[in-house]
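What follows is a short report on a single structure.
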Amino acid sequence: MGENASCRPSRGSSRGACWSALLLGTAAAVQLAPATLAQGQPQAPAEVEAAAPTAGVQRISIVMARELRERPPPLSLLDFPPQDDGVAGARLATDDNNTTGRFLKQQFALDVVESASVPELIAEVEKRVRAGAGLVVADMSAEALLQLSDALKGRDALVINAGSADDRLREADCRANMVHTAPSRAMLADGLAQYLVWKQWRRWLLVRGTGRDDEAFAEALRRAAKRFGGKIVEERVFKVETGSRRADGGHEQIQQQIPAFTQNVPSYDVLLVADEGEQFGEYFPYRTWDARPVAGTQGLTPMSWHPALEQWGATQFQNRFRRLANRPMRPLDYNVWVAVRSVGEAATRTKSAVPKALIAYIRSPELDLAAFKGRRLSYRGWDGQLRQPILVGTAKLPITVSPQHGFLHQHSELDTLGVDRPESGCKAYEEGNRQ
Amino acid sequence: MGSGRWAVVDQRRGKGAGRAIAYCLLPIAFLLAAPAAAYTVYVTNEKDNTVSVLDSEKLEVVRTVKVGQRPRGVILSKDHKWLLVCASDDNNVQVFDARNMEYVRTLPSGPDPELFVLHPSGNPLYIANEDDNLVTVVDIETGKAVAEIPVGVEPEGMGVSPDGKLLVNTSETTNMAHFIDTATNQIIDNVLVDSRPRVAEFKADGSQVWVSAEIGGTVTVIDPNTRKILGKVEFQIPGVSQDAIQPVGVRISKDGKRAFVALGPANRVAVVDTATFRVERYLLVGQRVWQLAFTPDEKLLFTTNGTSNDVSVIDVERLRVVRSIKVGRYPWGVVVAPF
């Protein structure tokens, strides 16, 4: 309607609408990038720059680095991650940034780099950083993130960790050039624990797997119990017998095994399960010896995003995502969306495309990100962790949002989740901030 | 007011002729019985798919009317004949006879309409389509969409200047107030405001437009002619965390001296001196207060309190909350008719 008329060049006031036409082209180009890269032909950043030679336009290139990891298959067919997990969030945020950018002559490009080889991935990212792309959103393991961070040391570059909950990245191994949109395990455990304590379900039976990540989440739960007045009445280790994840029939033995495993424990309110690899936790709901709810990595779960959240204007956000990706939004998509939107917000507010300026704004307390959680989000000054509410829900619906009412804090109630300033063991970050 | 006035509790859309005849008599009965300065207040209940109709003198709900799905924005036509309701999940605007709440017709709105504003001449209607980054312009006489204006991400707040020349739309994720020339339906300027702008409200003399930012926690006052920011209203309430102060609805008195700002989960309405942009007072109302409406004589201000399912009534002269009235679930929009 009236779109042709709006692009008449004779009228000064028609600029806004002309921009939209121009940007439709850009968005399409951006969406092609991941496909090209998947075929092993990394796009040279210089080519991206040359693609749209429009005068007076600021171009902001955001790199998304994905480490392709082998993961054992989850127990449920419903839990296989989609191939574009996270990337779809980056695409939506890039579209959102560009819609805003058209009013400010700013164009955002997304450059997705993915590899199973960490050295190769880091080399590709470095190449782009050398060419001027200073903002790297990463979905990588903790170990790989540390290598990436060290490779980019001394450059005007920021790694935004969207995929790893590992607390050591925020603590002893924190890096001055890294912030985190993914909530840490401590934040997740605290979010869950606050709700259980609010419910007065304070006595917990902890069942953990044998993996290192399982132990890390179990540790986060122990810490949360101490902070908020929960009591772990007993801990049990569940050993997964390796083999086929499905046998024809299967349920008969599990139905015997889980009740036996949860017998003879001190009285408890909730069974907490620490199974990050999704190898056994789903066996526990409805099978425990005593009729008890299950929470933790399965059952009632803490998370950064729920695909059915509709509060705080999230409905439109969920709709937008579904139209783009043809599936519900997952926590990783959200973490990446927040990362890419942080860059967009910094560009809008600073009116700059220079990585150094954008990075400074992202880390500053001025950042005031609206991200469909009913609160302004910003990055903590002591470890770079995004301050955010934690959703607690079942597979179908959010049950609650933490921080819970009554958990107070002298600065921000959001800082009752995770590691607070006085407890922080992050040294490198403080030094980095002093620069 | 005659007790037979609101005899029918639920009125579904598209009823037969029999009921319409019965209603023809009602305005007459109303005129005879009505004391001066009793107004009709309409509140949309987002969760219930209803409109609560209140009497501003009795201060009670006199009727609850079934409307379309997820009703949010609500306004009256210029002649006050029609009540227009954004039925967000039905993707349309429903028109009711404001006197008897008979369903009249449906207007196209574009997807997910949330808030809208009428041109001061009475036509057209400007609708924010939150899902589509568009403002849709609808001729309410012909019922046709006449233009679509691309704006920022999640358009929401809509304000039109008293002379009708300028339309202001806010986009929640782009964080801008878009200034649109109503003659050409083109954006002429964009003003960056704080996070998640929700409502744009013009002063009656057209000299200022006030834009609330829900997550930013501020109200930005803009000169619509120069698009320069004149000032920012900031809020601080002892004992209430800054995070909970989330300005949404804004109403400015006709004399331009006082602005009332609904502060969402802070459960308060701020009374702002428009000369200094300072808050004079905070009035404690129901929970998650979002939208506001004056009675035509500006003696009362009604607030919709989303999570406590009620409206608070503020005595504007004394700056006191005089009553809270239970309505449906998640009350969202409110408008008052001069009858």
>> Order these by the 10 Å Cβ neighbour count, fewest first: A:D415, A:D167.
In response: A:D415, A:D167
> If you keep only loop residues by DSSP, which trypsin sites (Lys or Arg not before Pro) in segment A:364-435 have at most 13 other Cβ atoms within 10 Å of their Cβ?
Replying inline: A:K396, A:K427
> For chain B, what class follows from the C-alpha gyration tensor (a ≥ b ≥ c being the square roots of its eigenvalues): rounded when a/c is under 1.5, otherwise prolate if a/b is larger than b/c, else oblate?
Replying inline: oblate
> Once you list every other residue whose beta carbon is under 14 Å from the beta carbon of B:L167, what net charge do they have if Lys and Arg are +1 and Asp and Glu are -1?
Replying inline: -4
> Roughly how crowded by other chains is peptide B:183-193, in terms of the mean Cβ count from those chains within 10 Å of each of its Cβ atoms?
Replying inline: 5
> Averaged over B:111-117, how many beta carbons belonging to a partner chain fall within 10 Å of each residue's beta carbon?
Replying inline: 1
> Comparing B:D205, B:D79, B:D90, which has the greatest mean-square fluctuation in the GNM of chain B with Cα pairs linked when under 10 Å apart?
Replying inline: B:D79
>> Loop-only trypsin sites (Lys or Arg not before Pro) in segment A:245-330, please: DSSP not H, G, I, E or B, and at most 11 other Cβ atoms within 10 Å.
In response: A:R246
>> Here is the link list: A:K226/A:K356; A:K231/A:K396; B:K66/B:K144; B:K144/B:K203; A:K127/A:K427; A:K199/A:K239. Which ones come out longer than 32 Å on Cα distance?
In response: A:K226/A:K356
> Taking other Cβ within 10 Å of each residue's Cβ, how do A:Y361, A:Y379 sort, fewest first?
Replying inline: A:Y361, A:Y379
> Separation of segment B:103-172 and segment B:215-266 by C-alpha centroid, Å?
Replying inline: 23
> Sorting B:Y42, B:Y282, B:Y103 on the 10 Å Cβ count, fewest up front, what's the list?
Replying inline: B:Y103, B:Y282, B:Y42
>> Net charge around A:E124, counting only other residues with Cβ within less than 13 Å of its Cβ (Lys, Arg = +1; Asp, Glu = -1)?
In response: -1
> Looking at segment A:54-151, which GluC sites (Glu not before Pro) are in a loop (DSSP not H, G, I, E or B) and have at most 10 other Cβ atoms within 10 Å?
Replying inline: A:E70
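Throughout, read-outs are computed from the coordinates displayed, never taken from laboratory work. Just so we're clear, the structure is a prediction, and the values are computed from it rather than from any experiment. FYI the Cβ positions are ideal-geometry reconstructions off the backbone, even for glycines, and counts take in every protein chain you see.
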